[in-house]
Amino acid sequence: DAKTTQPTSMDCAEGRAANLPCNHSTISGNEYVYWYRQIHSQGPQYIIHGLKNNETNEMASLIITEDRKSSTLILPHATLRDTAVYYCIAIPSNFGNEKLTFGTGTRLTIIP
Amino acid sequence: DTAVSQTPKYLVTQMGNDKSIKCEQNLGHDTMYWYKQDSKKFLKIMFSYNNKELIINETVPNRFSPKSPDKAHLNLHINSLELGDSAVYFCASSQGSGMDEQFFGPGTRLTVL
């Protein structure tokens with residue numbers, strides 16, 4: 001599986017857009033980019049995923065570069081409840097789950 | 001309604017004991033999972049179980065065994081607990097296998113003394 005790298009931490013002002021980057025320079029053609037987040041003391045929560053096209057849902061937008069070596073998760077209007085650790089993971093479509101590991105992610109703090 | 005539930009929320013036990021953590025999902029999903037999140041916050045998959053097919057992370061000791069009495073439940077049994085087993089364990093479920101959107105439970109914090 002492609003290794004992903006993310007900044008350790010980021011701050012964002014409440015009401016502003018939070019842009020979380022992820023590098024996955026070794027991603028292969030059949031690997032999807034998934035984003036999950038984990039709010040303190042809770043289980044991870046799915047946010048969004050994509051292969052090569054940009055994606056948007058009610059929670060966020062995912063922008064994937066044309067070469068697919070990096071992506072950005074965008075929370076358009078961050079609220080205090082968006083404070084969490086955000087994980088970017090690259091998973092192949094024929095994934096067998098046997099070695100999935102979430103990295104250390106980005107700790108996003110929303111500032112009032 | 002709770003989608004994925006786990007019991008107990010906290011579990012404190014002595015080394016060498018055998019313990020179980022229960023997981024139930026009411027989403028009608030086909031696949032269930034167990035994850036371990038260690039003290040460094042790495043979240044690693046342990047098992048996935050789909051239609052009686054068990055996929056095991058090869059790094060998981062055989063002291064850990066999942067048991068699925070039916071499609072809605074996947075319990076985790078741990079024999080001969082060791083100090084290094086202390087972690088938070090998350091159960092999850094998804095409609096299909098692979099990386100379909102997974103719904104996670106609240107976690108069980110296991111402390112081995």
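The values are calculated or read from the model by the stated rules, or taken from the named source; none is laboratory data. Nothing here was measured: the structure is a model prediction, and the numbers come from that model. Glycine also receives a Cβ, built like all others from the backbone with ideal geometry; neighbour counts cover every protein chain displayed.
Looking for whichever is out of contact with any Gly (no Cβ under 7 Å at 6 or more places or on another chain), within 9 Å of another protein chain (Cβ to nearest Cβ) and within 23 Å of A:Glu31 (Cβ to Cβ) here; the options are B:Thr59, B:Thr31. Which one fits? After ruling out the rest, the residue left standing is B:Thr59.
If you check A:Leu62, A:Leu73 for being in contact with a Phe, Trp or Tyr (Cβ under 8 Å, 6 or more places away or on another chain) and more than 14 Å from chain B (Cβ to nearest Cβ), only one passes: A:Leu73.
For (1) under 10 Å from the mean Cα position of the chain (by Cα); (2) modelled with pLDDT of 90 or more; (3) in a strand (DSSP E or B), each residue gets a yes or a no:
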site	(1), (2), (3)
B:Glu24	no, yes, yes
B:His29	no, yes, no
B:Lys40	no, no, no
B:Phe47	yes, no, yes
B:Leu81	no, yes, no
B:Tyr89	yes, yes, yes
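Taking the numbered list (1) in contact (Cβ under 8 Å) with a residue 40 or more places away in the chain; (2) within 20 Å of A:Thr101 (Cβ to Cβ); (3) assigned to a loop (DSSP other than H, G, I, E, B) in turn, B:Glu58 passes all entries but (1).
Here the condition is being more than 30 Å from B:Asn50 (Cα to Cα), surrounded by fewer than 19 Cβ atoms within 10 Å (Cβ to Cβ) and touching a Leu at 6+ places or on another chain (Cβ under 7 Å); of A:Ala13, A:Ala17, it holds for A:Ala17 alone.
Among residues of the stretch A:24-55 being part of a loop (DSSP other than H, G, I, E, B) and within 8 Å of another protein chain (Cβ to nearest Cβ), the one that is surrounded by the most Cβ atoms within 10 Å (Cβ to Cβ) is A:Pro44. Checked against (1) touching a residue at least 60 places away in the same chain (Cβ under 8 Å); (2) under 15 Å from A:Thr4 (Cβ atoms); (3) more than 9 Å from every other protein chain (Cβ to nearest Cβ), A:Gly105 meets all criteria but (3).
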